[in-house]
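Below is one structure, written out as structure tokens; comments come after it.
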Amino acid sequence: MAESTSHAAPQGPKPTPKDQGPQAARPKPAPEPTTNNQEPTTASSPFEPRLVAFLCHYCAFAAADMAGSMRLQYPPNVRNIRLPCTGKLDAGQLLRAFEEGADGVMVAGCEEGSCHFLKGNLVAKSRVKWVKTLLAQVGIEPERLHMYNLSSAMGPRWAAIVQEMVERVRGLGPSPVRGGVSATTSSKAGRVGDGGGQAAGSIKSEATK
Amino acid sequence: MIVGEQKPFEQIVKLIERYKRILVAGCGTCVSVCFAGGEKEAGILASMLRLEAQKNGRPLEVLEQTVKRQCDREFLEEMATKVGQVDAVLSIACGCGIQFMAERFQDKIVLPGLNTRFIGVTLEQGEWAERCAMCGDCILDRTGGICPVARCAKRLHNGPCGGSSGGKCEVGKDRDCGWALIVQRLQKLGELDRYSEILPPRNWTTSRDGGQRKVVREDLKEQGRIEPR
Amino acid sequence: MTEAAAPKKAKPPAEKTPPPPVVGPVSGLEKLIKAGSFVVTAELGPPKGLDLEAIHKKVGILKGWVDAANVTDNQTAVVRVSSIATAAIMVQQGLEPVMQMVARDRNRIAIQSDMLGATALGIRNVLCLSGDHQTFGSEPGAANVYDVDSIQMLGILKGMRDDAKFAGGTDVEGGRPPLFLGAAWSPDADPAEVRTLRLAKKVRAGAQFVQTQCIFDLAAFKLEMKKAGDMGLLDKLAVLPGIIPLKSAGMAKFMRKNVAGISIPEDVVKRMEGNKDGKEEGTRLAVETIQAVREIPGVRGVHIMAIEWESKVADIVARAGLKKGPGA
């Protein structure tokens, strides 16, 4: 994806991986969660969802920018990735976000009928719908993926939908594949059902071609 | 093009369950065009397999590679390295690609991730339909350019069968009656007289009934070729 | 398209004399038609298991009231006792069969072999059909054969009888199968342009009689018969229009909506709605239809399809004044 460098909400709260120790100073906000993150979700450290948001440059990204300018408060759990249009998204990228350990993924595009490229957001809509079925097949709750539509003037709405998505994912608990998927056999034997996920392996994926 | 459809995911999971390292092998030609087995689909399938394995606590390493065509030796060679690194190959090429892969890599398990459906056309984005049944002896001159072998559920050569109504096939209203189309087209072309010709029983030896088929063009074969190894 | 595969090693005929030609009427049905009688056929569906009593019972119901009865060949693609075996039982019991044979389940080897076998068992009338698609039946996962279609099947059987040749070109030895060849005709089927053209193909391929899909729209049927007559088809062909006794207006509406090749005019539905006793009205309608089609040139009899209502046939035949029943 062309614009895969991530953008944190410019002014907004910095994405702080709550589930990690204080030493986890992130080098740069990246769509991938850090490697080797041991994260025993215990009662003492409540679950903080990690979200990845794919934002259309023409609307949602501008709205997030505005939210920052307006100093609106919203949860810091989301990493933003700017796209030229949500139509640029493909199923592989959405799945990759989950592979890399996201608990939830948001797609935010223009309002229907207002796509800068006419139909990109509609393409994204049907793709998101399809990827939800793929997620169900691998055993990940489809609700962890959601698409929103908003205009560039909707700073407050951006803050609101992030809040909504964080609540939704918080309700679902950690992703069943949290911690990322190891593409190497090395040392990985993740246990199921402990919520936090034990996968310790590298998140490096062989998928890169 | 050859139109394929990925096997149901849970079936694929079963196919690979005894292997720890697999290669999802895509094919960049027909099945790529119909979004079933190309580079993108290989990536998606590999992602899904990783996620599923992780979710269920099964160790699994998934490599991916897509070559131009799995039905040509030259391109298969490009996969040799990765094939060497895995326990099994999950090919999402058509049946030809899958078999040729197994033929090239004799000591490797090659599994099918795709069902090869038919030779067809793109009706519109996301919709493909069969047009040719590869009978090996084309009769389209007699049938207004519409094939009764592929497009009649009973491959009648002197149809329609009487089960069609309103131009739709008795098997399903979502399908046109091939013979209704033939009659319509012949009429439009002013050649309805062709309809009165009785097409005689076919010689099906050119179809699959004659055994495995092969085409040889001596003029194209490499002359004086020195066999490697 | 090449012609049917010629035999690999066609030996020169070594002074072999071909079997004698088949002459004259081969069956009771053909004899009656040739003699100008108005014939009656009905349908007998074999049971879905070895309930031979069911066959005997149906034979008993129809005997004396019809000149011959069609034995369906795994109708609607549901497995039943074979049409050959059922027809053979009927021969034993003295009810002349019209054996149906569908192209769905047999290739040309089986078709020819089965026909030789059937004629050996005394079966003479055969009705060549494409057959309902197997996805409707009890074995939807079955492969279908359709090596040949119904028209090609007629041609093959005619070749065995008239030329003493099998489809592949080899000789029929010893004796030719004495067959009276029939086919189906849907005068109301789509596409309308080829209704009579396809009938003409069947006649050219060898059909000597046709039984039609059931007729409710008399005006339309007359028109198609006129066309067939103008094409010169009716000189060589006996047409037996299909008659189905309706049981209710609902049945009429259902058939109109769901059965291909049937045209049921609105006034027929209205008439059925007008009588509380649907079965009686349906019977009356059937009788009237028989009397009406009888007047159409080229109609040589009727084919009564009382689906799972075989007991009705005798009543209709009697009321139409066609026959007086067994012993009469």
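A compact globular protein would have a Cα radius of gyration near 2.2 N^0.38 Å; the ratio found for chain C is 1.00. Residue separation of C:VAL79 and C:ALA220 scaled by 0.36 nm, minus their Cα-Cα distance, works out to 47.3 nm of gained length.
Rounded to the nearest 500, the 222 nm mean residue ellipticity of the protein assembly as shown from helices alone is -9500 deg cm²/dmol, with -39,500 (n - 2.57) taken per DSSP H run of at least 4 residues. Counting, for every residue in B:202-214, the Cβ atoms of other protein chains within 10 Å of its Cβ and taking the mean gives 2.
Can you tell me the orientation of helix B:39-55 relative to chain B, as the angle in degrees between its alpha-carbon axis and the longest Cα principal axis, to the nearest 10? Roughly 50 degrees between the two axes. Alpha-carbon geometry of segment C:156-230: the Rg and the Dmax are 15.6, 48 Å, given in that order. Taking a straight line from the alpha carbon of C:LYS276, these aspartates and glutamates sit under 20 Å away, with near neighbours fewer than eight places off in the same chain left out: C:GLU266, C:ASP267, C:GLU288, C:ASP315. For the peptides B:181-187, C:320-326, A:75-81, residues were scored by their other Cβ atoms within 10 Å and the scores averaged per peptide; the highest-first order is A:75-81, B:181-187, C:320-326. Report the residue, chosen from B:GLU127, B:GLU218, B:GLU191, that carries the largest GNM mean-square fluctuation when chain B is represented by alpha-carbon nodes joined by springs under 10 Å. So, out of B:GLU127, B:GLU218, B:GLU191, the one fluctuating most is B:GLU218. Label positions at B:ARG213 and A:GLN73, each projected 7 Å from the Cα along the C-beta direction, are separated by 7.3 nm.
Couplings 3J(HN,Hα) for segment B:179-187, derived from phi with the Karplus relation 6.51 cos²θ - 1.76 cosθ + 1.60 (θ = phi - 60°), are 6, 5, 5, 4, 4, 4, 6, 4, 5 Hz, where x marks Gly and Pro.
3J(HN,Hα) along segment A:45-54: 10, x, 5, 10, x, 10, 10, 10, 10, 9 Hz, from the Karplus curve 6.51 cos²θ - 1.76 cosθ + 1.60 with θ = phi - 60°, whole Hz, x for Gly and Pro.
Can you classify the protein assembly as shown as rounded, prolate or oblate using the Cα gyration tensor, where a ≥ b ≥ c are the square roots of its eigenvalues, rounded means a/c under 1.5, and otherwise it's prolate if a/b beats b/c and oblate if not? Because a/c hits 1.5 or more and a/b exceeds b/c, the protein assembly as shown counts as prolate.
Rounded, prolate or oblate: which fits segment B:2-118 when a ≥ b ≥ c are the square roots of the eigenvalues of the alpha-carbon gyration tensor, with rounded for a/c under 1.5 and prolate only if a/b beats b/c? Oblate, because a/c is 1.5 or more while a/b does not exceed b/c.
Taking C:VAL203, C:VAL299, C:VAL23 in turn, the Gaussian network model of chain C (Cα-Cα springs below 10 Å) assigns the largest fluctuation to C:VAL23.
Taking each of B:LYS154/C:LYS165; C:LYS16/C:LYS201; B:LYS7/B:LYS108; A:LYS132/B:LYS20; C:LYS58/C:LYS323 in turn, the alpha-carbon distance tops 29 angstrom for C:LYS16/C:LYS201. Put a dot 7 Å past the Cα of B:GLN106, heading toward its Cβ, do the same for C:ALA192, and the two dots end up 6.7 nm apart. Size of segment C:101-160: Rg and Dmax of its alpha carbons, in Å, are 12.0, 34. Report the Cα centroid-to-centroid distance between segment A:50-95 and segment B:1-34 in angstrom, as an integer. First find each Cα centre; the distance between them is then 32 Å. Taking a ≥ b ≥ c as the square roots of the eigenvalues of the Cα gyration tensor, segment C:177-328 is oblate, since a/c reaches 1.5 or more and a/b is not larger than b/c.
Each DSSP beta bridge with both residues in the protein assembly as shown is either parallel or antiparallel, and the antiparallel ones are about 20%. In a fully extended conformation the segment linking B:GLU17 and B:LEU189 would gain 56.3 nm over its present Cα-Cα distance, using 0.36 nm per residue. For segment C:109-142 versus segment C:42-56, the inter-centroid distance based on Cα atoms is 16 Å. Mean per-residue shielding of peptide C:146-155 is 6, counting Cβ atoms of other chains within 10 Å of each Cβ. In this structure, B:ARG73 and A:GLU141 have a Cβ-Cβ separation that, at R0 = 56 Å, corresponds to a calculated FRET efficiency of about 0.80.
FYI, it's all coordinate maths here, none of it is from the lab. The structure presented is a predicted model; accordingly, all values stated were derived computationally and were not measured. So basically every Cβ, Gly included, is an ideal-geometry build from the backbone, and we count neighbours across all protein chains shown.
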